[in-house]
Amino acid sequence: MALALAVVAALVWGPPPVLAQGTGTVRYVDLPQAQRIAVIDGLVKQGAHAQAQWLLSNSYFDEGELGYVAALLQAQVFRATGRPGQAEALLRRILAERPDYRLVRVELAGLMAETGRRRAALHHLRSLSDSAADPGERATFENLIDRVESDRPVRVSGFLGLLGDSNINSGTDARVIRLLGLPFAINEGARRNSGRGLRFGATVIAEQGVGPATRAYAAGRVTFDEYEGRAFDRRVVDLRFGLKHRTARGQLGAELLFDRGWWGGAGHDRAGGLRLTARHALRPRLIFAAELEGLTRRYDGLPAATREVRRAELRLERHFGAERQAWIELGFGRETVEARPHTGFDQRRLELGGQTDLPGGFSTRLRLARTWEEYHADFPGRAAARSDRRDELSVSLWKRDLSVAGFSPRLTVTGIRQHSNVVLYAYDRVETAVTFTRGF
């Protein structure tokens, strides 16, 4: 039902105002609807919230989009008079009917920042920035993003998720493989036997401005994977140190990467490297993004397994307003293991995806990807190099205004089918994950 009428209980009762107009006066009730909206807007901007509330409570707007404008003004009065819950409910109702109403998203982002939900506020502002109609509008939203980030230089968030059954070979479906023409049974330990798992952890980010458009940051994350099969338990510590520089049409970034992992209670691997990123608006609502990464991964007690990783991603995003977007992404990678060339490979990846807001406050994301991996040397026991092709279809669903004990849940279902000329690495799998995230 359209918001053609903004009606709430009046806070202050009194006669309608008389306004000066030229050499005479005119009563508010004699003004056309557009001018009545202008009067209320002026009162809100002046801080005369009681009088603005009285007019909103006793006015009817049914011309064009004026009902939605009145509802936005009502939400602003709610917010200014200490009723954030009512303001948010009204703003979300407007967006449910008019998801492309950008001023409502700005108001909602400001309300979320005020109530401590900066992560959600930044999500709305970044959507608005990426879908801006011109560079000036984009710069306005980028400045708002900077203000929200600088209000809280240190941010902490937590996450909790469910993990599916898996193992180091991604859960092969095979029971028998052939090496040199002879059949060999696969030990159950090489099959899917980890059991269900739980992933949880926390992230800390500290940022500091070092110029009008440049920020330095340090980030740390600790991740715990707990499985029924204890040998699959994993601990990972990630550290990042970087700079990001905002340009007129996007952003440039550089960061140093470090991580350390433990599997089954014992040290497993460590890595260090560099990542470079760029985002640039080719034109309004069309964003080009690129990412380059290089790192070296070393494995405890296995110097021969040291892996050199090089990766590049190119992405083109098309935004259809703040509530809907689509993208295409190309990925290229090369992993080299000098002492074990049969474990190194060249990778290509193609991804198509889209995200949209749905009625009722829901959002959904669909992602379809295909990955090709060609290995550098013959697989042991075979006269050919391993070659894989992996298809993934992923669907995510979440409710933007839903939280459980402060955690925001997201449901993701992913179907994976991997084809390989080495049967040990061929499998089908469906993963269902429920992730909870909370900012503190």
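The values are calculated or read from the model by the stated rules, or taken from the named source; none is laboratory data. Please read all numbers here as calculations on a predicted model, not as lab measurements. Quick reminder, even Gly has a Cβ in these numbers, built from the backbone with ideal geometry, and neighbours come from all protein chains shown.
If I filter the stretch 392-412 for residues that are free of Cβ contacts under 8 Å to residues at least 40 places away in the same chain, crowded, with 16+ Cβ neighbours inside 10 Å, over 30 Å from ALA89 (Cα atoms) and not polar (S, T, N, Q), do I get at least one hit?
yes
Could you please give the count of residues in the stretch 366-409 that are closer than 29 Å to THR432 by Cα and in a strand (DSSP E or B)?
Of the residues in that region, 27 qualify.
Could you list, in sequence order, all residues of the stretch 218-276 that are closer than 24 Å to THR435 by Cβ, in contact (Cβ under 8 Å) with a residue 60 or more places away in the chain and part of a strand (DSSP E or B)?
ASP225, TYR227, listed by residue number.
Would you point out the residue of the stretch 269-306, among those that are closer than 23 Å to ALA339 by Cα and among the hydroxyl-bearing types (Ser, Thr, Tyr), that is nearest to the chain's Cα centre (by Cα)?
Across the stretch 269-306, the extreme among qualifying residues is THR296.
Please give the number of the condition VAL69 fails out of (1) under 26 Å from GLY321 (Cα atoms); (2) more than 31 Å from the chain's Cα centre (by Cα).
(2)
Name, by its number, the condition in (1) modelled with pLDDT of 95 or more; (2) closer than 30 Å to ASP378 by Cα; (3) of a type in the set (A, V, I, L, M, F, W, C) that does not hold for LEU352.
Of everything listed in (1) modelled with pLDDT of 95 or more; (2) closer than 30 Å to ASP378 by Cα; (3) of a type in the set (A, V, I, L, M, F, W, C), LEU352 misses just condition (2).
Of all residues being outside any strand (DSSP E or B) and touching an Asp or Glu at 6+ places or on another chain (Cβ under 8 Å) in the stretch 344-364, which is surrounded by the fewest Cβ atoms within 10 Å (Cβ to Cβ)? Just the residue, please. Write out each step before concluding.
First, the residues of the stretch 344-364 that are outside any strand (DSSP E or B): 344, 359-361.
Still in the list and also touching an Asp or Glu at 6+ places or on another chain (Cβ under 8 Å): 344, 361.
Working: GLY344: 18, GLY361: 15.
If we take residues in the stretch 344-364 being outside any strand (DSSP E or B) and touching an Asp or Glu at 6+ places or on another chain (Cβ under 8 Å), then GLY361 is surrounded by the fewest Cβ atoms within 10 Å (Cβ to Cβ).
Read through the list (1) at pLDDT below 95; (2) within 26 Å of SER396 (Cα to Cα), then give the number of the only condition that ASP300 fails.
In the conditions (1) at pLDDT below 95; (2) within 26 Å of SER396 (Cα to Cα), ASP300 misses (2) alone.
For the stretch 54-64, how many residues meet the condition of being in contact with a Phe, Trp or Tyr (Cβ under 9 Å, 6 or more places away or on another chain) and free of Cβ contacts under 8 Å to residues at least 24 places away in the same chain?
Count: 0.
If you check ALA218, ALA266, ALA206, ALA281, which single one turns out to be more than 30 Å from ARG324 (Cα to Cα) and crowded, with 16+ Cβ neighbours inside 10 Å?
ALA218
Of the residues GLU351, GLU335, GLU323, which single one is more than 21 Å from ASP388 (Cβ to Cβ) and of a type in the set (D, E, K, R)? Break it down stepwise before answering.
Details: GLU351 fails: more than 21 Å from ASP388 (Cβ to Cβ); GLU335 fails: more than 21 Å from ASP388 (Cβ to Cβ).
The conditions single out GLU323.
Would you mind listing the helices (runs of 4 or more DSSP H) fully within the stretch 75-165 where at least 3 residues are in contact (Cβ under 8 Å) with a residue 60 or more places away in the chain and within 17 Å of the chain's Cα centre (by Cα)?
By residue number, 118-130.
Can you tell me which residue among GLY333, GLY361, GLY301, GLY354 is more than 27 Å from SER420 (Cβ to Cβ), in contact with a strand residue (DSSP E or B) (Cβ under 8 Å, 6 or more places away or on another chain) and free of Cβ contacts under 8 Å to residues at least 40 places away in the same chain?
The match here is GLY354.
Specify the residue that is modelled with the lowest pLDDT; the eligible residues are those in the stretch 72-127 that are farther than 30 Å from ARG318 by Cα and polar (S, T, N, Q).
Per the stated criteria, the residue is THR115.
What is the one condition in (1) modelled with pLDDT of 90 or more; (2) on the phi > 0 side of the Ramachandran plot; (3) not hydroxyl-bearing (Ser, Thr, Tyr) that GLY406 does not satisfy?
It is condition (1) that GLY406 fails.
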